[in-house]
Each structure stands twice: as structure tokens, then as C-alpha cells.
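Here the structure is laid out as C-alpha cells; the discussion comes afterwards.
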Amino acid sequence: MTISDLVYFAQLAGAAAFVLGLHYMNSPATARNGNLLSAGGMILAVVATLVGLVTREGGLSATSWVIILVGFAIGAGAGLWMARNVKMTAMPQLVSLFNAVGGGAAALVAMEDYLRIGTQGGASVSTSIFVVLGTAIGCVTFSGSLIASGKLQGLIRGKPIIFPGSRPLTVVLAVVAVVGTAVLILNAAGTLTLGSGAAALVLGVIIASALVFGITMVLPIGGADMPVVISLLNSFTGTAAAMAGFVLNNPVLIISGALVGASGGILTKLMADAMNRSIINIIVGGFGGGEGTVGSAGGGAIQARSVSADDVAIQLVYASNVIVVPGYGLAVAQAQYACRELGELLESKGVDVKYAIHPVAGRMPGHMNVLLAEANVPYPSLREMDEINPEFDRCDVALVVGANDVTNPAARRPGNPVSGMPILNVDHAKSIVVIKRSMGRGYAGIDNELYGNPKTGMLFADAKDGLGQLVAAVKAL
């Protein structure tokens, strides 16, 4: 068995680790091990690829070694710093940046291969298809992910940005990219005869069209839809990587890219279904006005009833069933530990405590699950929307911590930005307590009618401070 055979088997083992790792991520109980297994597979694949480069005929030049080592240092250093310093609340925009890096890398690989062999007439039709698709998809992912990250970070306003002619321009850019792709494929098939310069020019037009398309596609999408957009762009990243894998004949890239592309596509569909909207509607529409925008679902001002921590503590202690509804406000305040402490304290007094998780609560899929798991909240206590909604009718107190749009009863009526979106039936509980800093609106840009419900009491406080007050008040009883 040669070294090249060992490298190939090592790469296959790395790819198998990706598959198993993804399988383990199906359950919160095994997700951490799945993540570690996937990371181990990536390390194995990288080391195997490096060994293959070193042992191939001619080896690596000094310049190649410098490029590889500098790349390792920059990539590993940036990844380590981000993992240790980026807060959970900023994870969605970090994921979007990773999408941009992955899509851009796949596009660069495809471009290099086409400029090396495609313009010389040496590329087959199949290779040309993979190269051009990888370039186009990678460029769309790169620019689109940067815009999505900017919206989530607040560098670009979260509300839909639509300028005159933006949608026709997006359609024209898509047509240009498709026509350019067809031209290069026909050139590879011999139907057209383009010189190397003309072929490179067509490729440049495709790249420019795809980059601008990514921008014009994401700008009109509101902040409330950003989790879905991130998932869709993540799927694009995987698809672009798989295309690069076909060009390089690299099984790790093909398998990992296909996994990311397929899982990202499935997740995008599930999230769109959770919002009762089609993916096309999300991309073409402009749902979500962005945080802080003015609007009202019912057309009138919401009159809220303020309550104190002592009043809420009495309700919680004498309740039989309490359902906690976490949202982005909990994540911003890093209040997951205080939330767990309150839950454990109530359980010690005989109260049944559950946590209601909406599929799109927070800013990314699984945001609330990860936060609460980080604080060691028991997995069986985390209930998905379809499972927990019937229990609100029997719930004594629903404690909403920083959640907004996903609890708004206005979703049950037509004619407003959240119409048709499945929500948590918090308003069905016997008593409702909302911990929130103010009456500010969520990403949909409308008032939450739940706050005006006669059963609702507003505890105006930062999520962490509010939960801390409740813990102290419960202990004092």
C-alpha cells in the first residue's frame, strides 16, 4: 500500500467522521461529542492532505511552505480567538462570516482551476460545469453572507433595504450569470470557440454578476428573516465546496460539502415552515422591519400593567406549572444561568418547570437550546413549540424572558408582518409575566399585543437583573 493510498483512506475516514458527527448532532445529549468528532475528522483530513502534498512528486517548494504555514497561523489563530471571545449573542453573525469565508474559498479554488486549465481548452464539459457553478455559488455566498452579518451586527440597518429597480436588477444579474455559465460550458463542449482571454472575460462577468447578486438578494430581506437567510447561505457554502471537491477529485470536500449543502437546505425548509412562509417568499419579500422600528399590529397603543418582583415571586411559588419562554433578550443579557437557578429553586418547592423553545427564537436555529444547555438546564425540560403549546392551557404562570415576536397573538390575524407565523400560545396561560427592559418592539417592528393582555404583568428589567430579583424574592418567601 502506497502513501497516496493511505492519504486517500485517511481522507475517507475524515469524511466518515463528518457523517457520524452530523448524526450525533441530532440530539442535544450527544451534540457536543458530534461536534468534537467532526472537528477530529477535519484535523485528520487536513493532515492527510498535507502529507499528500509533501510526498507527491516534486514535493513542496519553500514558497508553498510559507503560504501553507502562514495560512495555518492566520486561520487557526483567528478561529481560536473567535471561539474564546465571541459571545453567544454574536454567534449568528459569526456563522455568517464563516459562510462568507467558505463560499469565497470555494470560489477562489474554482477560479484558479478554470484559469489554469479551462482557458487553455483542456477542461471537460463536466469540469467546466463544476468550476463555473462553484465560482458563481461561492461568490453569491461570499457577498450575501457579508451583508447578512452586517445586518445582524447592526452595521447595516435590519429593515429591508429596497432601492428603485433593485428587484429587476437582481433578475438581470441572475440571467447574466446563467448565460455566462452556458457560454463557458458550450465552449468546453466545442460548440463555441473562445480564446483564453475571452473565456477569462466571461468568467469575470459571471464573478461580478454573482457578487452583486448576493448583495441585491440579501439587502431587501428584513432582520426577522436573517436566521433563514443564514441557513440558506450555509447550504450554498456546502454546495460550492462540493463543486470544488469534484474539480479537485477530493472525497472530503465532496462529502462534507454535500452534507453541509443538504443539511443546510433541509434546515432552511424547516425554519421557513416554522414561520409559515415559503423560501421564495422570504427571498423575494421584505419581512421584518428591524428592531426599533415603529409599528402597531392593532393600530393603537399598548397599555401594559407593571408588576414587582415580589408579586411575581408569590405567583411562581404557589403555581403548580410554570413554563419559561426564553428569547433573544435572555441571550443578550447572558441570563441563562440565572434562568436555570430560578427553575431549580422553583422545582425544589414542588413546582413543575418547563422551557418552551420556538424554532426561530433568538437569531439562529437552536440558539435557545444551546444557551440553556450551556447553563446545564436538563434536556427533557426543553420542549419544542408543537409539544409545549397544548400545555399552556393548563399552565398557571408563563414567564416570558426577552421573547417578543414569537409570542405575539397578532400572528393569528392577517394584515401584519407576523401574520401566519406559528407562535407559542403564551396568552392561553392563566397568568403571564414578561421580563423586558422596555416596551420596545422586536425585529418584526410591531407592538406585541401580549403585553396589553389583562393577564399579563410586565417586570421591567434587564433579563439577568429581573431573574436575579425573582431568585432573591423566592428565597425570601
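The values are calculated or read from the model by the stated rules, or taken from the named source; none is laboratory data. What you see is a predicted model; the values in this text were computed from it and never measured. Note that we place each Cβ from the backbone using ideal geometry, even for glycine, and neighbour counts take in every protein chain shown. With ligands, DNA and RNA removed, areas are computed over all heavy atoms of the protein, side chains included. Shrake-Rupley method; radii C 1.70, N 1.55, O 1.52, S 1.80 Å.
Descriptive notes on the structure:
- With a cut-off of 12 Å between beta carbons, the residues surrounding residue 305 carry a summed charge of 0, where Lys and Arg count +1 and Asp and Glu -1.
- For residue 362, the residues whose modelled amide H falls within less than 5 Å of its own, excluding neighbours fewer than 5 places apart on the same chain, are 328.
- For the stretch 391-462: Kirkwood Rh in Å [reciprocal of mean 1/r, alpha carbons]: 12.3 Å
- Global form of the stretch 302-398, assessed from the alpha-carbon gyration tensor, a/c cut-off 1.5: rounded
- Within the chain: Cβ-based charge dipole about Cα centre, in debye rounded to nearest 20 (Lys, Arg +1; Asp, Glu -1): 600 debye
- Burial ranking of peptide ranges 95-102, 56-63 (average Cβ count within 10 Å, highest at the top): 95-102, 56-63
- Share of carbon and sulfur in the accessible heavy-atom surface of the chain [1.4 Å probe, %]: 65 percent
- Rounded to the nearest Hz, the phi-derived 3J(HN,Hα) couplings of the stretch 34-50 under the Karplus curve 6.51 cos²θ - 1.76 cosθ + 1.60 (θ = phi - 60°) are x, 5, 5, 5, 5, 5, x, x, 5, 4, 4, 5, 5, 5, 4, 5, 5, where x marks glycine and proline.
- Helical content alone sets the calculated 222 nm signal of the chain at -19500 deg cm²/dmol, taking -39,500 (n - 2.57) per DSSP H segment of four or more residues and averaging over every residue.
- For the stretch 298-446, accessible area per residue (1.4 Å probe, heavy atoms of protein chains only), Å²: 38 Å²
- In straight-distance terms, cross-link reach from residue 430 covers every one of the aspartates and glutamates whose alpha-carbon lies under 17 Å from its own, apart from those fewer than eight places away in the same chain; here that gives 311, 352, 391, 393, 396, 449.
- Folded to 0 to 90 degrees: helix 91-113 orientation relative to the chain principal axis, Cα: 10 degrees
- Hydrodynamic radius of the chain per Kirkwood, over alpha carbon pairs, in Å: 24.5 Å
- Taking other residues whose beta carbon is less than 15 angstrom from the beta carbon of residue 220, and scoring Lys, Arg as +1 and Asp, Glu as -1, yields +4.
- For the stretch 124-224, convex hull of alpha carbons as volume per residue, Å³: 94 Å³
- The three principal axes of the C-alpha atoms in the stretch 220-269 carry coordinate ranges of 39, 19, 10 Å, sorted with the longest axis first.
- Start at zero, step by 5 Å, and the Cα-Cα distances of the stretch 1-155 spread as 2, 8, 10, 13, 19, 21, 14, 8, 4, 1, 0 percent across the bins.
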